[in-house]
Every structure is written in structure tokens, then in C-alpha cells.
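A quick write-up on the structure given underneath.
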Amino acid sequence: MSTNYDTLIIGAGPAGSSAAAVLAEHGRRVLVLEREKFPRYHIGESLLPFTYGPLERLGLIAKMKASAFQKKYSVVFVQPNGRASQPFYFFNRYERDTVAQTWQVLRAEFDQMVMENARAKGATVIEEATVKELLREGGRVVGVRALHKDGAVREHRAPITLDCTGKEAFGALRQGWRVKDPFLNKVAVWTYYKGSNRQCGVDEGQTTVAFVPEKGWFWHIPLHNDLVSVGVVAEGKYLSRDGVRDPERMFQREVAQNLWIQDQLAAGVQTGPHYVTSEFSFHARHCASEGLLLVGDAFAFLDPVFSSGLMLALKSGVLAGDAVHEGLAAGDLSPARFAGYAAGLRRGIENMRKLVYAFYQPDFSFKNVIDRYPAAADDITDCLSGDVDKDFSPLWQKFREFVPLPDDLPLGAPREPETAA
């Protein structure tokens, strides 16, 4: 059986569902194929302030404000001895009732909300449908072959297919496009606590980055229902030192390395499993080939220290939806059509990547930069908040007085037909 649409989307996560919502709103026939049955578990629970724009475009701000999701106004950094920095309050820089107030979310609930929003706008979303291969004709991707819940294998065709499969990067891997970041290769171990200590008032929902040795760090993300997400990120050889391989033992050993984390968790009860995954950062060599476009983590995945993943997923989904609609209207879905889409995303990714590189350098601290250049605090807050499309070159010039920063990676441009494999 073969079906035809204007656009096929692989994956109903935030990137895929936001692209689907935008395209459906434009009146396009959109099919989203999702392997899982929602709601389903996913990590990546903290929104940045500049997620507000994509959420507003998707029509989700009212639902977010009415939700039980924990409000978030700041991020704070804590040394191993428990000494905390002054919080970076977003409302010192932005309007308190819009951009400056964001959320910590349980992804099972948030992702379902974003997916159902795409459905409500007219997208067809089929869950428990696993894409097995890309269909090609003359080197062009013309659709997909998918195994559905009823056991049937069906072909679905469209002028363009969006790879929104997250870190699995279904299309990018099969094209041989994935490139590991040369430095950002970490491992994460995490779990959840109920009833642990929380801050009060406006600080209750703040994200805390708490340091451990070897430039490792904990995230501490307060969620609703008295739940806290807490995990440690570091080099694998550090976490597994002395032959430790069990995720729970890794986690508990690192809790002892930060007094603030110890204090927060002391009153709580650990719940659920201990999870472990690689947090290798990677990038796609190209954003598109004939009939295929990469969106969200399938295009690039950055180290999670500054919680950029959800913001970039939603933002790229909205941008991809508009770019594909414009291409359909113009009768031009050539890879070159998406050069501007990719360049804009890469600019933001590279800005955030420089911030991440600086963070991992020995002896680096934002405080040292701000002590020498007080006005830099605004730019640092902007970048931490996800306002990553700005020209930050003056800030990076200041950073380079303290630490080396990487050059931009020459990646992400569309792959033209004449050079396609």
C-alpha cells in the first residue's frame, strides 16, 4: 500500500511535531510516523527562555501557562564545597511574564502536548509505526517504507521527508553524514528523587549546575509532583574509575563529591531506575539532500550542560516547517533551498558550542570574565537564555583572553545533487 502527502516526517518528538504543526497550519498534507506510543519517557527536561518564541508560534503558551509544569526563572552554578553563585535571573534581562519565565517539563507530558497540537492543526500522526528504510529513485529520497502496528509494511511518499529522529539520526547515519565533535564526548548517569529539598519562591524551579572534579557536573532540575531530575555528566573514564561500571554506584559516588547535591537529596527518596547514556556531541555534515531535510537533534546534538536541546528542536522544527512550505509553494525543494535554514541553525549552534567549550576548560568561570568586563554579563545571560542568533563575536574575543575557543565547524550546508552519493 502506498500513500502520498506533501511532507513526510519521521519522528513525533518536539522537532517533528512542531514542523508538522506549522506545515498543517499552512494547509499542507503532513504525515508523521512515530515509532513509540505516546506518552513515552524522554530525558531533556529544561526549557530555555528563548523557547518562548517557538511555543508562541505553535499556539502553546496558554496551555503551558495553565499546565502543572514547574516555572523556571534562573540558573545557578554551585562549587563542590556547596558555595553557590548568584543566580542568573532571566527577568533581570527580559520581560518577566513572557521570555523571562520558562518551564521545567516532564517530557512524557510535554511531548504529548506538542504532538496533539500538531494533530489538532490537521497533521496525521501515526504512532507505533517504525520507518525501516528511505525510498529512493534516481538518488532522490521519495518516501519511506514503514512497519505499522498491525504488522503491515506500507510505503509512504512525498516530495520531501524530514528526519526528526533525534540522536538516532535515521537519515543522517544512512547518508554517512554524522561527525563527532572533537572534544565534547561525555557520559551521563541520572535518576529521580521525590521529596528532596527544594528552594523557595522564585528560586524553586531554578536549574542548578553543581560541579564535581575533572570538570564533571550535576544537573538538578525541579519538576512538578515533588519530583526532581538529577544527573551527573563527565568523562566516561572519570565516572568508571577504579573499575566501577554500575550506574547507581557511579551516581552515588559522585553525589559525595558535591556538598550542595548531598544536602538537596538527603531528605528525598530515589525513585525509578538509574539511566546511563553517552552525551557525545555530534553534527551532520549536510542539512539536506534531494528529498531529505534534517531537523532538531538529527541535525546537531550539543552537550546538555546549558539545556539547549529542546529550544533548538522546537526552533528548528518551526523554521523547517516554514522553509518546506515556501519550497512547496515555489515548486522548488532542491537542497540549495535550505541553505539559509541551515546557516541560521549553525550560527546558533556554534554560539552555544563556544559557551560549552569554555565551560569545560580548567579554571574557567563566568565570574572571571564578568569581573574584568562587567558589561559581558548581559551577553552571557543572552547566550545562556537561548538568544543565540546574535553576533557574539565581541564576547568570544573577551573569552579568548581566558581560554581557547574552537573555530566554527565547516558543516551543515546542503548536499547538491551533482555530488550526492
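For this structure, a couple of remarks:
- Search result, residues across region 371-395 that are surrounded by 16 or more Cβ atoms within 10 Å (Cβ to Cβ) and assigned to a helix (DSSP H, G or I): A376, A377, D379, I380, T381, D382, C383, L384, L395
- Selection within region 369-379 - touching a residue at least 24 places away in the same chain (Cβ under 8 Å) and either over 21 Å from T208 (Cβ atoms) or within 24 Å of the chain's Cα centre (by Cα) (or both): R372, Y373, D378
- Top-ranked residue of region 309-353 - restricted to ones that are under 16 Å from P414 (Cβ atoms) and either at pLDDT below 95 or among the acidic types (D, E) (or both), ranked as nearest to the chain's Cα centre (by Cα): E326
Residue-by-condition table, conditions (1) buried (at least 22 other Cβ atoms within 10 Å of the Cβ); (2) under 30 Å from K215 (Cα atoms); (3) not acidic (D, E):
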site	(1), (2), (3)
E326	no, no, no
A329	no, no, yes
Y341	yes, no, yes
S365	no, yes, yes
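- Hits in region 396-416 - residues which are surrounded by fewer than 15 Cβ atoms within 10 Å (Cβ to Cβ) and not charged (D, E, K, R): Q397, P404, P410
- Top-ranked residue of region 310-324 - restricted to ones that are touching a residue at least 40 places away in the same chain (Cβ under 8 Å) and surrounded by fewer than 24 Cβ atoms within 10 Å (Cβ to Cβ), ranked as nearest to I61 (Cα to Cα): V318
- Failed condition for F299, given (1) in contact with a Leu (Cβ under 9 Å, 6 or more places away or on another chain); (2) surrounded by fewer than 24 Cβ atoms within 10 Å (Cβ to Cβ): (2)
- Close pairs (6 angstrom Cβ cut-off, 6 or more residues apart or separate chains): closer than 24 Å to R415 by Cβ in region 176-193, small (G, A, S) and part of a strand (DSSP E or B) anywhere: W177/A284
This table checks each residue for (1) in contact with a Leu (Cβ under 6 Å, 6 or more places away or on another chain); (2) surrounded by fewer than 16 Cβ atoms within 10 Å (Cβ to Cβ).
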| site | (1), (2) |
| --- | --- |
| L8 | yes, no |
| L31 | yes, no |
| L55 | no, no |
| Q86 | no, yes |
| Y89 | no, no |
| Q101 | no, no |
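- Unique residue being surrounded by 14 or more Cβ atoms within 10 Å (Cβ to Cβ), out of contact with any Asp or Glu (no Cβ under 9 Å at 6 or more places or on another chain) and farther than 22 Å from W219 by Cα when the list is R93, R119: R119
- Residue within region 164-173 that is more than 22 Å from the chain's Cα centre (by Cα), in the same structural domain as S308 (by TED's automatic domain parsing) and in a loop (DSSP other than H, G, I, E, B) present: no
- Qualifying residues in region 360-374 (those that are aromatic (F, W, Y) and under 14 Å from K398 (Cα atoms)) - the one modelled with the highest pLDDT: Y373
- Selection from region 224-239 of residues that are touching a residue at least 40 places away in the same chain (Cβ under 8 Å) and not aliphatic (A, V, I, L, M): H224, N225, S229, G231, E235, G236
- At least 3 residues being over 21 Å from F301 (Cβ atoms) is the threshold, and among the strands (runs of 3 or more DSSP E) wholly inside region 32-130 those reaching it are 70-72, 74-78, 124-127.
- Residue, surrounded by the fewest Cβ atoms within 10 Å (Cβ to Cβ), within region 10-29, restricted to residues that are part of a loop (DSSP other than H, G, I, E, B) and in contact with a Cys (Cβ under 7 Å, 6 or more places away or on another chain): G11
The values are calculated or read from the model by the stated rules, or taken from the named source; none is laboratory data. A quick note: this is a predicted structure, and the numbers were derived from the prediction, not measured. Positions of Cβ are backbone-derived with ideal geometry, glycine not excepted, and every protein chain shown enters the neighbour counts.
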